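Here the structure is laid out as structure tokens; the discussion comes afterwards.
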Amino acid sequence: MTGSACLFCRIVRREVPATVVHEDEAMLAFRDIAPKAPVHLLVIPKKHIDGLSQLDAGDGALVARLLISVPMLARQEGLVSGYRTVINSGADGGQTVFHLHLHVLGGRPMTWPPG
């Protein structure tokens, strides 16, 4: 899917509403509309990248920025006892929106295996 039709790109452009909890020039974090935990955030790059498999060496700083934001977001959300961070990759990996995104889940004990 191209960036123009991508749901998350449309959220970045404010064409689709979302509850944004953090934003900077390169990334956006917002609440998942179908949460799987009391806290369920999605952290996305503003740049359209289909998924983890499409990253290249030039995306290193962007990926680091996304990952470094997770502990700050967890603290902001009060996740002091822990949280889970997930990146689904490809259809068989459970990815349903093909724009790279990290799930940050918390507010309850997480079980393993997840499913």
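Phi angles across region 7-16 convert, under the Karplus curve 6.51 cos²θ - 1.76 cosθ + 1.60 with θ = phi - 60°, into 3J(HN,Hα) values of 4, 5, 5, 5, 5, 4, 7, 6, 7, 10 Hz, Gly and Pro given as x. What percent does the relative contact order of the chain come to when contacts are Cα pairs within less than 8 Å and at least six residues apart? It rounds to 30 percent for the chain. From the alpha carbon centroid of region 15-41 to that of region 80-110 is 12 Å.
Calculate how steeply helix 60-76 sits against the longest principal axis of the alpha-carbon atoms of the chain, using the helix alpha-carbon long axis, and give the answer as 0 to 90 degrees to the nearest 10. Compared with the principal axis, the helix lies near 30 degrees.
Throughout, read-outs are computed from the coordinates displayed, never taken from laboratory work. Not measured: the values here are computed from a predicted model.
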